[in-house]
Amino acid sequence: MDVAATSAIERIARVLAGNQLSANAEGSEVHASLSVEMEWESHIETAIAILKTLREPDADMAAVGDVANWQRMIAAAIGEPRELADGVDVVDEIAPEHELVDRTEHDMQRKAEANANPLAPPTNNGAGS
């Protein structure tokens, strides 16, 4: 099973940005990848809203899968703790939105570190001036 390297929030936000900017969708840019890279973060709130609407599966989805697993997966995507106490309704336990943005920023940092030049000297981003 393939597992994405980026968060669901980031992937949805990138799709929304691409849809708005690309000539292949509603936009006008023939080569929109650089613009998407610069603009996707402005779509984070909408991406979170989309995921929140998916917290409860519809009847067709529930008929072919485990509803509790689905709810845990969506909760994890929007920043909910992975392990909830038995009997807690996942839908009522969503993390504050600032935590969701922090998580996306963490995902971006992890991605940047993974693509960093291993021969480059270390940097101390937390150092004062």
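Against the 2.2 N^0.38 Å scaling, with N counting residues, where does region 1-52 land? I'd like the Cα-based Rg ratio to two decimal places.
Numbers: Rg = 11.4 Å, N = 52, 2.2 N^0.38 = 9.9 Å.
Compactness ratio reported: 1.15.
How would you rank MET38, MET1, going from fewest to most other Cβ atoms within 10 Å of each one's own Cβ? Don't skip to the end; give the middle numbers.
Working: MET38 11, MET1 2.
Least to most surrounded, the residues fall as MET1, MET38.
Please go through region 1-64 and write out the GluC sites (Glu not before Pro) that DSSP classes as loop and that have at most 16 other C-beta atoms within 10 Å. Walk me through the intermediate numbers first.
Details: sites: GLU10, GLU26, GLU29, GLU37, GLU39, GLU41, GLU45; in loops: GLU26.
Listed in order of number, the matching sites are GLU26.
Fewest first, what order do ASP60, ASP66, ASP2 take by the number of other Cβ atoms within 10 Å? Intermediate results must be reported in sequence, preceding the final value.
Working: ASP60 8, ASP66 11, ASP2 4.
The fewest-first ordering by Cβ neighbours comes to ASP2, ASP60, ASP66.
Whole-Hz ³J(HN,Hα) for each residue in region 23-34, computed from phi via Karplus 6.51 cos²θ - 1.76 cosθ + 1.60 with θ = phi - 60°, x for glycine and proline: what do you get?
Listing the rounded values in order: 5, 6, 10, 8, x, 10, 7, 6, 10, 9, 4, 5 Hz.
Rule-based calculations on the coordinates, nothing more; no lab input. All figures in this text were calculated on a predicted structure; none of them were measured in a lab. A quick note on method: Cβ atoms are made from the backbone with ideal geometry, for glycine too, and the neighbour counts reach across all protein chains shown.
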